[in-house]
1. In region 163-198, which residue that is among the aliphatic types (A, V, I, L, M) and part of a loop (DSSP other than H, G, I, E, B) is surrounded by the fewest Cβ atoms within 10 Å (Cβ to Cβ)?
2. Where residues in region 138-162 are under 16 Å from S42 (Cα atoms) and surrounded by fewer than 13 Cβ atoms within 10 Å (Cβ to Cβ), which of them is farthest from the chain's Cα centre (by Cα)?
3. Report the residue count in region 236-268 for those that are assigned to a helix (DSSP H, G or I) and over 28 Å from G111 (Cα atoms).
4. For the structure I just gave you, tell me whether Q216 is at pLDDT below 90 and in a helix (DSSP H, G or I).
5. Would you check if F174 is within 21 Å of the chain's Cα centre (by Cα) and not hydroxyl-bearing (S, T, Y)?
6. Could you tell me which residue of region 1-34 is nearest to I118 (Cα to Cα), considering only residues that are at pLDDT 90 or above and of a type in the set (G, A, S)?
7. Which fully enclosed strands (runs of 3 or more DSSP E) of region 82-160 have 3 or more residues being among the β-branched types (V, I, T) and in the same structural domain as L31 (by TED's automatic domain parsing)?
Amino acid sequence: MSNPKIISKSFRDVENFKEFFEYKNKEIIQLTPGSVKAEFLSIQVGDLFFVCNQVNQGFQFSGEGRKEYISFAILWSENEKEYYSFRHPVAPQRTVFGFNNTEAHDIFPQGGALTHIIIPVKTFDTYADQLQRHDLDDNFRNKNHVNLPLTGMKEIKDYLKPLIWLAVHQPTWFQNPHIEKLITDDFVPLLISQIPIKLNSKSFLKPSRRAKLIAQAEQKMLANLKKPLTLKQLAENLGCSSRALSFGFKDLFGVSPMRYLKIRRLNAVRQRLKASEPENCSIV
């Protein structure tokens, strides 16, 4: 017996993977060559959603969210790989990111696994008020990132692991009538309590100068997808060195600036082909 509130999908084709997220108003750009193996699992518990994604290739993920929800994302990597959200580095063992859920911009140069916890704003505010966490206001949500104590992240992951296991192996467990309230009453206060009360400058991740430069370079590229553009021209337009751009793109996307430009151009061609020939839009 299945549970209609648990959705599980596997992808072995990059086009199907992209189309699945495009349907949800999200855009995916594959950054590394090779075949794609990806998994998607969505668990709905009342008004809460636990959405798990895993992919073996490097990807850039962006799109719009729903403002009536607040989102918290965590990474499952055991290693300190390089991950970025809104071009800020994300530490798998400490950083929770997302928050206002109005938009997303995540980069996983080597692939990875993450879980988004999506909570209605009204529900989150109710529990925050009960815990007298009036600091978790709009100003906090607009920060998009916060570093938790190592023990705090461990407690959250220790709670989520059996929840995900049950969704995969015993999905009917979630149909018990008391489960919705049990999980909501347990998990939301747990999450809130792990966020530091007195946030210092180290708790929030600030945009680096290089991250701002790469953001400007990306916009220049998108504006010149149909025009010739060299690395030297791009650097001159931004008033920086080619070396700085190369290091920045390699660190953030895992590829060179010109390789990234090629990827974006191929993706734009794919979108045009899809619009004109929906049944024949694959690009190798």
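The values are calculated or read from the model by the stated rules, or taken from the named source; none is laboratory data. Bear in mind that the values here come from a model prediction, so they are computed numbers and not experimental data. Please note: Cβ atoms are built from the backbone with ideal geometry, for glycine as well, and neighbour counts cover all protein chains shown.
1. Looking at the filtered set, the residue picked out is I197.
2. Within region 138-162, the match that is farthest from the chain's Cα centre (by Cα) is P162.
3. Residues in region 236-268 being assigned to a helix (DSSP H, G or I) and over 28 Å from G111 (Cα atoms): 3 in total.
4. Taking the combined requirement at face value, the residue satisfies it.
5. So F174 does not fit the description; no.
6. S8
7. Answer list for region 82-160: 112-120.
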